[in-house]
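Structure first, commentary second.
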Amino acid sequence: MTLVNWLLQGGQEILGILLAPLLMGWVGIWRAWLQNRQAPPLIQPYRQLFKLFHKEVVIAETASPLLRVTPYLLFGCMGLTASLIPMVITDLPLAGAVDVIALVGLLSLARVFLALAAMDVGTAFGSLGARREMLVSFLAEPALLMVFFTVASLNASTSLRFMVTGFAARGFYLYPSLAFAGVAFLMVLLAENGRIPVDNPETHLELTMIHEAMILEYSGRHLALIEWANALKLLIYFSLGFALFLPFGLTDSLQGWEILRALILFLLKLTVMGAGLAVLETISAKQRLFRVPEYLGTAFLLAVLAILLHYLLGS
Amino acid sequence: MSLRPLDLVGLILIGWGGLGLLGLVVPARWGRCLLFPLITGLSVLMAGAGLWALQGGAQTLVLPMGLPGMPFHLRLDVLSAFFLTLLGLAGSGISAYATGYFRHMAETRAGDFQRLILLYALFLASMGMVLVADDAYFFMVAWEGMALSSYFLVTTDHEIPAIREAGFLYLLMAHLGAIALLLCFGLLQSGAGGDYAFATLRHHSLTGFWSSMTFLLALIGFGAKAGLLPLHSWLPEAHPAAPSPVSALMSGIMLKMALYGLLRVLFDLLGQPLWWWGALLVGLGSLTALFGVLFAAVQSDIKRLLAWSSVENMGLILSGLGLTLLFHGAGQETVAALALAAVLYHALNHAFFKGLLFLGAGSVLHATTERNMAKLGGLIRVMPWVAGLSLIGILSLAGLPPFNGFVSEWLLLQAYLLRPDLPQPWLNMVLPLGAAVLALVGALAGFAMVKFYGIVFLGQARGLVLGEVHDIGLWERFGMGWMALGCVLLGLFPSSVILQLDTVTHALVGQGLGASAARHGWLWVTPVAASRASYSPLILFAVIMVSVGLTFLGVRRFFHGRWRRAPAWDCGYPFQTARMQDSADGFGQPIKQIFESFFGLSREIPSPFDPHPHYHSEVRDPLWALCYLPLVRGVARLVKVVGVLQQGRISNYLLFSFTTLLALLALVTGTRP
């Protein structure tokens, strides 16, 4: 654990934080193109954040301090999570302190606070959003855990670093269990980030909204932090997916050119997959809310199948 | 003669009993201010004695009491010591809280309060006696003392019919369990020809069928106390009925006595386990956990919600115990030690967070006289202490890092994930399902806890006048603060705790975890190897704080300083009232909808044209109709048959005795050679 590692970990956090709105913008552009609309500029999310940071904060009269603490906590947790995932290098000093189970716990901590803050003001929409968010999460979180467990069993480790390097050490194999896990992970990614089959990030229609209902009472810099944290969450899920299923290019060494190559590959993956997400969203339809448990139940079962398959074929 | 830990424990038990008796004679006001703090002090001492005994070997003591030829045997080994520590640590927080909590009762119902002190102290003392008992006879005396004293505590408010019913159900189940335990000890003793002392039973091993029967009887006997499916039905009735500190004692500590009993019988008295015992326990435990958490998520009574969540946690603990048994039976002692450490750790954690939440619920109940969540809300503004401390409790219960609930669930998941290598190949494949259930249960617990906290403490008051509600006093703050501190410390310093658990796992499965778990220093937990899994809550906590702090400072740096308060926005709807928030039923509705076929659900939904709409929904336990009602009907039918004999005429009864006598005489003469 040298200073360089710490710097790289911190650098990765800053990279994630700076890159997240860009990813949102990129997905937004592709959505607009696919829908035959004129696309907003790539840096639109930054402009929006800039605008929000300079707006006045209006806090509901009935709000408790919890409402004001949550945006900072949310952003802090998301930023930390972003720094824990091997985006570019795998040898991160904090990797030993937080394994994948703790990572899921960290995401869950952020979510619980967001849901509690939504119920804090005591409006109809707030508690509605919190209820729906917890509904989505109680199926999505175990599915995500099971995906991790499949990969963890493959590499005999729950530490992200060894999960990633384990694949690299064995070269390229096709694992049937990973296919199931990959599909489950994609479904969870869509659900957890409020993407189309589950939620629509662009709507304020009370029949369908989940995430937006929770953050209705926020304004100004609080809202900016939450939007930013949300963008970070998308980036986090993308880089988790890359680390687990497309780990090529990740480096365990600290040589400059290898890091540069890994960084370029990471950006390339983001570019392709960001567009892919937009395509996926465009070709699928938003589901009714009570179809969501079926959708997530499928994801959970797929993930469980993946781990069962691993033990069936592996032993 | 120098003082041994066992002598100290004995003195504390006598002290508790003496304080209880003293409570009957001193005036209630003095009893509250003096005796409860003394009970608290003795509890702290008990925790110290337990920790002391954890370091050393077993000690024994024979008391010249009990039946002729069957004196009371006392023994303090590391297993007892661990549970005594739990009893002392959790008991002291709860007793300190009780000092303040019973103020109102001591002033208005002095007679009831004096009885309560006696029963409270006896309850604590009998739990301690269960833990040091070293023969079946003394064990059963202590066990029944525990059941009886808690029964009378549950029925403290016996004027309310529902509480009387709950108490009756509790007593019934406690006795069913006790019968199973008696038979279990009888089987253990069979052929040993001794005095029912555990020392004799330990050297006498059963085989085959009788060994399995003993296991099943122990499972029924202790499972009835632990709330194992399908013997759980008393738990969500009896725990909420008791005064809140007693609920905390029952959920936090008494349930762990069942775990202690199982550990004692399975690992100490009974011989080598068969593989299906563990499999059965894993299955039943996982089912219990899932069942409990689903019911917790749909409750609308604060204390019932917590009681169902206790069912869930006991399920997790017992599934972990099953896992230990499986690996222990297969000779995989490293994994067995890991699972056992997870079980013991979770038992300790549950005592703290469930105790804390029951105390919090008690404060809410005391301040508002309302247990129905549909009428509460917004309490964070008038009860900041209770709300703040309860927040730690729900985060721990939901299993979120860096609090304590997460550590034990993490350990248990690691035990599931360590590549199982059991002789039964199909078990190897099915075991990951246990991990899946564990993950699902954890997430559902998060749902239930957001519901609990969000509805009770956040939002706007639903029909309650908040101005009349007051926060808790100093003693209550101290009690709840103690429990909350326990949750935080147990979460932040896991490797130190695991090191303490080491002697227990060594004694039970012959292998410790401490050497490998703390290999990389006190900061890290590495159950097997650093490349396998590692976790450091303190570092995690520190970096969360740094990350959040930097965010705050960064935003502060560019802060323009303009903010104001305004009415809630709510998408621009101006006629917002408190009744438009989610009620407890509303929040649990998705769970009801998804698992509709699973619950025994009856709903009354108003038509849109109804001028006085009325919504009613009731969730019933399907197992009640499946397991209990047939039993009740069977008993009723039997009673009717027996009732034919009961004519109420003395001549008939004389005839019965005469025929019985004749039959007996015939039997005796017939069997004589």
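The values are calculated or read from the model by the stated rules, or taken from the named source; none is laboratory data. Please read these numbers as outputs of a predicted model, since none were measured by experiment. With ideal geometry, Cβ positions are generated from the backbone for all residues, glycine too; neighbour counts draw on all protein chains shown.
Quick look at the numbers
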read-out	value
Some residue of the stretch A:231-239 being part of a helix (DSSP H, G or I), more than 16 Å from A:GLY16 (Cβ to Cβ), of a type outside the set (S, T, N, Q) and within 14 Å of chain B (Cβ to nearest Cβ)	no
Qualifying residue in the stretch B:210-227 (condition: outside any helix (DSSP H, G or I) and closer than 25 Å to B:LEU266 by Cα)	yes
Candidate set from the stretch B:428-444 (those that are more than 7 Å from chain A (Cβ to nearest Cβ) and among the small types (Gly, Ala, Ser)); member that is surrounded by the fewest Cβ atoms within 10 Å (Cβ to Cβ)	B:GLY434
Matching residues, the stretch A:104-131, being out of contact with any Ser or Thr (no Cβ under 9 Å at 6 or more places or on another chain) and in contact (Cβ under 8 Å) with a residue 12 or more places away in the chain	A:VAL104, A:LEU109, A:PHE125, A:GLY126, A:LEU128, A:GLY129, A:ALA130
Single condition B:ALA530 does not satisfy, out of (1) without any contact (Cβ under 8 Å) to a residue 24 or more places away in the chain; (2) facing another protein chain (nearest Cβ under 7 Å); (3) in contact with a Leu (Cβ under 9 Å, 6 or more places away or on another chain)	(3)
Residue tally, condition more than 9 Å from chain B (Cβ to nearest Cβ), over 23 Å from A:LEU263 (Cα atoms) and among the hydroxyl-bearing types (Ser, Thr, Tyr), over the stretch A:59-111	1
Qualifying residue in the stretch B:322-345 (condition: of a type in the set (Asp, Glu), surrounded by fewer than 24 Cβ atoms within 10 Å (Cβ to Cβ) and in contact with a helix residue (DSSP H, G or I) (Cβ under 6 Å, 6 or more places away or on another chain))	yes
Filter pass, B:ILE472 being under 30 Å from B:LYS375 (Cβ atoms), at pLDDT below 90 and crowded, with 24+ Cβ neighbours inside 10 Å	yes
Single residue of B:SER547, B:SER583 found to be of a type in the set (Ser, Thr, Tyr) and out of contact with any Cys (no Cβ under 8 Å at 6 or more places or on another chain)	B:SER583
Extreme residue, farthest from A:LEU80 (Cα to Cα), among residues of the stretch B:395-422 that are facing chain A (nearest Cβ under 9 Å) and in a helix (DSSP H, G or I)	B:TYR416
Hey, A:PHE138 part of a helix (DSSP H, G or I), of a type in the set (Phe, Trp, Tyr) and facing chain B (nearest Cβ under 8 Å) or not	yes
Those residues of the stretch A:153-178 which are free of Cβ contacts under 8 Å to residues at least 60 places away in the same chain and either more than 7 Å from chain B (Cβ to nearest Cβ) or within 19 Å of the chain's Cα centre (by Cα) (or both), in sequence order	A:ASN155, A:THR158, A:GLY166, A:ALA169, A:ARG170, A:GLY171, A:PHE172, A:TYR173, A:LEU174
Tally of residues being more than 26 Å from A:LEU3 (Cα to Cα) and buried (at least 23 other Cβ atoms within 10 Å of the Cβ) across the stretch A:73-100	1
Test: B:PRO425 is without any contact (Cβ under 8 Å) to a residue 12 or more places away in the chain and either at the interface with chain A (Cβ under 8 Å from one of its Cβ atoms) or of a type in the set (Ser, Thr, Tyr) (or both)	yes
Residues within the stretch B:587-623 that are touching a residue at least 40 places away in the same chain (Cβ under 8 Å) and over 27 Å from the mean Cα position of the chain (by Cα), tallied	0
The stretch B:541-557, residues that are closer than 18 Å to A:THR70 by Cα and either modelled with pLDDT under 85 or facing chain A (nearest Cβ under 7 Å) (or both)	B:VAL543, B:ILE544, B:SER547, B:VAL548, B:THR551, B:PHE552, B:VAL555
Residue check for B:PHE447: buried (at least 24 other Cβ atoms within 10 Å of the Cβ) and hydrophobic (A, V, I, L, M, F, W, C)	yes
Residue match in the stretch A:135-142 (condition: touching a Pro at 6+ places or on another chain (Cβ under 6 Å) and farther than 22 Å from A:LEU244 by Cα)	yes
So A:LEU74, is it among the hydrophobic types (A, V, I, L, M, F, W, C) and touching a residue at least 12 places away in the same chain (Cβ under 8 Å)	yes
Residues of the stretch A:168-202 that turn out to be surrounded by 14 or more Cβ atoms within 10 Å (Cβ to Cβ) and assigned to a helix (DSSP H, G or I), as a count	17
Test for B:ALA53: is it over 20 Å from the mean Cα position of the chain (by Cα) and free of Cβ contacts under 8 Å to residues at least 60 places away in the same chain	yes
Test: residue in the stretch B:26-45 that is in contact with a strand residue (DSSP E or B) (Cβ under 6 Å, 6 or more places away or on another chain) and in contact (Cβ under 8 Å) with a residue 12 or more places away in the chain	no
When residues of the stretch A:264-304 are limited to those that are within 10 Å of another protein chain (Cβ to nearest Cβ) and over 20 Å from the mean Cα position of the chain (by Cα), the one nearest to A:LEU250 (Cα to Cα)	A:VAL304
Elements of type helices (runs of 4 or more DSSP H) in the stretch A:1-104, at least 3 residues being within 30 Å of B:GLY521 (Cβ to Cβ)	A:3-34, A:65-84
Which numbered condition B:SER390 fails, given (1) farther than 21 Å from B:THR288 by Cα; (2) over 20 Å from the mean Cα position of the chain (by Cα); (3) of a type outside the set (A, V, I, L, M)	(2)
Which numbered condition B:ILE392 misses (of (1) more than 10 Å from chain A (Cβ to nearest Cβ); (2) hydrophobic (A, V, I, L, M, F, W, C); (3) touching a Gly at 6+ places or on another chain (Cβ under 9 Å); (4) assigned to a helix (DSSP H, G or I))	(3)
Residues of the stretch A:203-230 satisfying the condition of being part of a helix (DSSP H, G or I) and either of a type in the set (Phe, Trp, Tyr) or away from chain B (no Cβ under 13 Å) (or both)	A:HIS211, A:GLU227, A:TRP228, A:ASN230
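Residue-by-condition table, conditions (1) surrounded by fewer than 24 Cβ atoms within 10 Å (Cβ to Cβ); (2) not hydrophobic (A, V, I, L, M, F, W, C):
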| site | (1), (2) |
| --- | --- |
| B:LEU148 | yes, no |
| B:LEU169 | yes, no |
| B:ALA178 | yes, no |
| B:ASP195 | yes, yes |
| B:SER211 | yes, yes |
| B:HIS232 | no, yes |
